[in-house]
Amino acid sequence: MDHDDSVKTSPTVLMWPPSKSTRVMLVERMTNNLTTPSIFSRKFGLLTPQQAHQDAIRIEDLAFSSANKHFHNQPDGDDGTSAVQIYAKESSKLMLQVIKRQGPKEAECGDRTLFDLSGGRRAFIDEAEARELLKPLTDHHPNNSSYTKIRFTNRSFGSEAAKFAVSVLSSIKDQLTEVDLSDFVAGRPEAEALQVMNMFSSALEGSKLRFLDLSDNALGEKGIRAFASLIKSQRHLEELYLMNDGISEDAARAVRELLPSTRKIKVLHFHNNMTGDQGAIAIAEIVKQCPSLEDFRCSSTRIGSEGGVAIAQALASCIHLKKLDLRDNMFGVEGGVALSKTLSVLNELTEIYMSYLNLEDEGTEALSEALTKSAPSLQVLELAGNDITVKSTGKLAACITSKQSLSKLNLSENELRDEGSILIAKALEEGHDQLAEVDMSTNMIRRAGARALAQTVLKKHTFKLLNINGNFISEEGVDEVNEMFKDSPDKLGLLDDNDPDGEDFEDEEEEEEGEEDSELEAKFGGMKIKQEEEYEDDALVAM
């Protein structure tokens with residue numbers, strides 16, 4: 001018997017090549033990153049929109065070529081996942097190179113207190129070049145006493161170049177207030193890199209710094225301890241950056257051990273490390289001792305529920321916190337609930353980034369209730385990729401309603417569907433005069449939800465971009481939304497990655513879709529979103 005007709009095989013989903021719209025979207029995002037103020041723009045300056053767009057096109061093309069070549073060298077059957085990873089990695093690497101190529105903004109503005117080596121291409125420097133580059137810092141130069149800030153990032157110091165550099169730094173360390181040694185031993189063997197770190201640390205020991213950046217040096221515990229003498233002597237730090245430094249559990253404990261005083265720290269960044277739960281507990285102990293903290297970033301650090309709870313509890317002592325970035329960790333529901341208890345006392349928050357924390361509905365509801373009663377001046381709220389469904393959208397919508405200063409809302413990569421999307425649209429209807437960006441992409445939204453969101457944001461004079469791509473909007477729905485934005489097409493993101501059928505609605509006719517759209521809008525048309533007073537009433541009933 002021939003069984004071929006009865007055997008069903010699952011179609012292979014190919015990740016490569018990306019669609020034309022995906023490539024265009026990447027160019028747009030890179031352009032935006034290159035023209036948006038950040039820690040990098042502080043160091044290297046911003047590009048003009050024209051420069052940024054040209055560079056973004058070039059970067060995307062180079063990254064695509066590298067990834068495409070890799071894909072075609074793979075055996076048959078490869079789904080393209082590794083090519084996508086190379087595409088992303090190459091784009092990031094090339095974008096960083098472009099940023100570092102720019103002259104620093106401060107120097108362009110005539111900041112005569114900044115000595116900066118970061119311009120130009122990343123390069124190894126030898127002793128002779130070090131002597132030439134560092135001439136302005138030597139005793140014989142008439143302006144050497146004016147420098148209070150040094151930036152050595154993007155230049156890789158070997159041991160011989162470091163010997164001269166530290167002799168110069170030792171003579172001016174008492175006048176320094178800001179030191180940037182990020183990415184200053186790139187490509188060096190570990191032994192030599194650690195030796196250079198030790199030398200710089202000893203030379204700068206005893207300086208009274210307010211700003212210290214040791215990012216992008218793959219420090220690990222060995223590197224942190226190589227900087228021990230410098231770190232232990234710092235009692236006036238206001239900003240400390242340890243990003244992309246291989247901060248493991250042991251390295252985090254070393255930081256906690258070596259920092260002599262944290263009471264003045266306002267900015268503390270640990271982004272992109274392998275910290276884990278136990279490392280997070282060590283960081284939490286540091287955070288507890290930072291009463292002046294205003295900006296805390298601990299994103300992409302492999303922290304789970306246990307570490308998340310520790311971080312959340314520690315942040316309760318940071319009542320002046322304005323910016324909180326915990327993205328891309330695995331806090332889970334337990335971590336989300338712990339965060340909700342802390343957020344209730346953080347009334348000065350203006351930016352919250354909690355995407356990809358695995359919060360689910362329970363964690364989202366807890367956070368929403370807490371935020372409804374705190375952070376009245378919140379401007380940015382990001383909760384993308386948290387498995388949020390319509391179940392928790394009521395409380396989330398009430399939270400959004402209360403945040404009248406909101407300028408950016410990102411709820412992408414959840415499961416809000418039409419029901420949840422209409423609730424969010426209604427939450428944004430009244431006020432919200434500063435709203436500029438809403439991202440509801442990849443949320444299983446159909447025509448009714450898309451229409452509701454479009455109608456709401458088009459009423460905002462400050463609005464700049466609505467992203468509803470990657471949803472289940474019908475072709476007619478796409479046409480309708482495009483028509484709504486015909487007078488301001490730049491305010492609507494691309495819509496060509498939508499699946500008009502949708503995985504749950506493949507057999508529905510357009511007539512049925514239209515009927516359901518009307519029913520949904522009628523259902524939510526008169527619904528009142530709960531306000532703070534109603535939550536208080538609910539709490540009283542539960543007591």
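D by Stokes-Einstein for region 200-345, Kirkwood Rh over Cα pairs, 20 °C, 1.002 mPa s: 144 µm²/s.
Taking 0.36 nm per residue of separation and subtracting the current Cα-Cα distance, fully stretching the chain between S82 and K373 would add 100.3 nm.
Express the relative contact order of region 325-402 as a whole percentage, based on alpha carbon pairs under 8 Å and six or more residues apart in sequence.
Numbers: 145 pairs, mean separation 28.1, N = 78.
In percent, rounded to a whole number, it is 36.
The mean sequence separation of alpha-carbon pairs under 8 Å and at least six residues apart, normalised by the residue count of region 274-330, gives a relative contact order of 48 percent.
Each of H236, H271, H72, H432 has its accessible area taken with a 1.4 Å probe; listed largest first, they run H72, H236, H271, H432. Take 341-347, 237-243, 259-265 and order them by the average number of nearby Cβ atoms within 10 Å per residue, most first; the result is 237-243, 341-347, 259-265.
Rolling a 1.4 Å probe over the protein heavy atoms leaves R235 with an accessible area of roughly 140 Å².
Label-to-label distance, E476 versus A123, with points set 7 angstrom from Cα along the beta-carbon direction: 6.4 nm. Modelled this way, with points 7 Å down the Cα-to-C-beta line, the labels at D501 and R263 are 6.7 nm from one another. Less than 12 Å from a label point 7 Å out along the Cα-to-Cβ axis of H236: which backbone N atoms in region 167-181 qualify, by residue? Within reach of a label on H236: 174-178. Charge dipole (Cα centre; +1 on Lys/Arg Cβ, -1 on Asp/Glu Cβ; no other charges) of region 411-461 amounts to roughly 280 debye.
How much space per residue, in cubic angstrom, does the convex hull of the C-alpha atoms of region 152-278 take up? Don't jump to the answer; show the numbers that get you there.
Details: hull volume 11.4 nm³, N = 127.
It comes to 90 Å³ per residue, whole-number rounded.
The values are calculated or read from the model by the stated rules, or taken from the named source; none is laboratory data. None of these values were measured; they are calculated from a predicted model. Here Cβ is always computed from backbone atoms with ideal geometry, including for glycine, and neighbour counts include all displayed protein chains. Accessible surface areas use protein heavy atoms only, side chains included; no ligands, DNA or RNA. Shrake-Rupley method; radii C 1.70, N 1.55, O 1.52, S 1.80 Å.
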